[in-house]
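Below is one structure, written out as structure tokens; the observations come after it.
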Amino acid sequence: MKKTTLNLLLALPTLSAAHYLFPHFIINDTVTKEYEYVREHDNGFQPSWSDGAILTSNDLRCNKGSENHASAPQTAKVVAGRDIVGFQTNLATKIYHPGPVTILMSQAPGDVRDYDGSGDWFKVYQLGTKDPWDGTDQGWLTRDRSQFTFRLPAEIAKGQYLMRIEQMAVHQPYKAKEFFMQCAHVEVDSQYNGAPPSATIKLPGGYTKNDPAIQLDS
Ligand SMILES: *[C@@H]1O[C@H](CO)[C@@H](O)[C@H](O)[C@H]1NC(C)=O
Ligand SMILES: [Cu+2]
């Protein structure tokens, strides 16, 4: 019995190294505690694809079962145009699957803990390949990194938002992909009162199977 338990424990790091989550929100140089500001989900170490079914599912927003955890995280106070924000993986696991990392935001109509992500999403960060790309896995700038941070743009209105990180792994054979996504809760302080971002998508809806990114056969 004892031996079984030990074997199980030893197996855990391997399991968690198999894939990754994004439970740590980052503000400036501070990596916050697991799920302090990030909504947990019920999709284990993921990923999501199911022959493209994820692209038309509400799970594409903050991952499967995330609504069960919507009231758990705190809301991180951040300042537009000033703070460096982003995410770190669990145990600082290095992203070893080739593929882009994208961060989107969507404003909650009220309290972000009540928000399901059904509104408009705009892009605040993306990391893709070296330019030009030599077509190799090593040519992805995301590879072997565990943190993805950026300065919060100044042109974001005051309010509460979901901030969603996604990695789309392209290593699967042919046109299959692996989606890893997770959302943080943020409250933006801002002086901005201009127009809202014009380039927005809905989730689901913003991706289709015919998109060049999904069709990429690496
Ligand atoms: C983040 O860093 C900026 C620039 O140094 C500083 O003005 C700001 O107060 C910091 N934000 C937080 C939340 O500590
Ligand atoms: Cu994988």
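Each value in this text was obtained by applying a stated rule to the coordinates, not by laboratory testing. This structure is a prediction, so every number in the text was calculated from the model and none was measured. Cβ sites come from the backbone with ideal geometry, for glycine too, and all protein chains shown count toward neighbours.
Net charge dipole, the chain: roughly 360 debye, given to the nearest 20, about the Cα centre with Cβ charges of +1 for Lys and Arg and -1 for Asp and Glu. The chymotrypsin sites (Phe, Trp or Tyr not before Pro) of the stretch 109-180 meeting both criteria, a DSSP state outside H, G, I, E and B (loop) and at most 15 other C-beta atoms within 10 angstrom of the site's C-beta, are Trp133, Tyr174.
Comparing Ala195, Gly139, Tyr37 along the charge dipole axis of the chain, the residue lying farthest to the positive side is Gly139, per the Cβ-charge model.
Hey, if you put +1 on the Cβ of every Lys and Arg and -1 on every Asp and Glu Cβ in the chain, which of Ile156, Ala184, Leu21 ends up farthest toward the positive end of that dipole? Going by the charge dipole, the pick is Leu21.
Basic side chains Lys and Arg get +1 at the Cβ, acidic Asp and Glu get -1 at the Cβ, and with that the dipole of the stretch 130-213 about its Cα centre reaches some 180 debye. For the pair Asp217 and Gln191, a Förster radius of 41 Å applied to the C-beta separation gives a FRET efficiency near 0.35, rounded to the nearest 0.05. The gain in end-to-end length when the Asp131 to Asn210 segment is fully stretched comes to 26.1 nm, 0.36 nm per residue minus the alpha carbon separation.
Dipole orientation for the chain: of the candidates Ser50, Tyr96, Ala76, Tyr96 has the Cα lying most toward the positive pole (charges on Cβ; Lys, Arg +1; Asp, Glu -1).
Close amide-amide hydrogen proximity is noted between Ile27 and Thr32, each under 5 Å apart and 5 or more residues distant or on a separate chain (H modeled in the peptide plane; Pro and chain starts excluded).
Bridging of Lys130 to aspartates and glutamates at a Cα separation below 18 Å is possible for Asp144, Asp217, once same-chain residues fewer than 8 apart are set aside.
Within straight-line reach of Lys123, meaning a Cα separation under 28 Å, sit the following lysines at least 8 residues removed in sequence or on another chain: Lys33, Lys64, Lys77, Lys94, Lys158, Lys175, Lys177, Lys202, Lys209. Taking every alpha-carbon pair under 8 Å whose residues sit at least 6 apart, the stretch 3-215 reaches a relative contact order of 27 percent.
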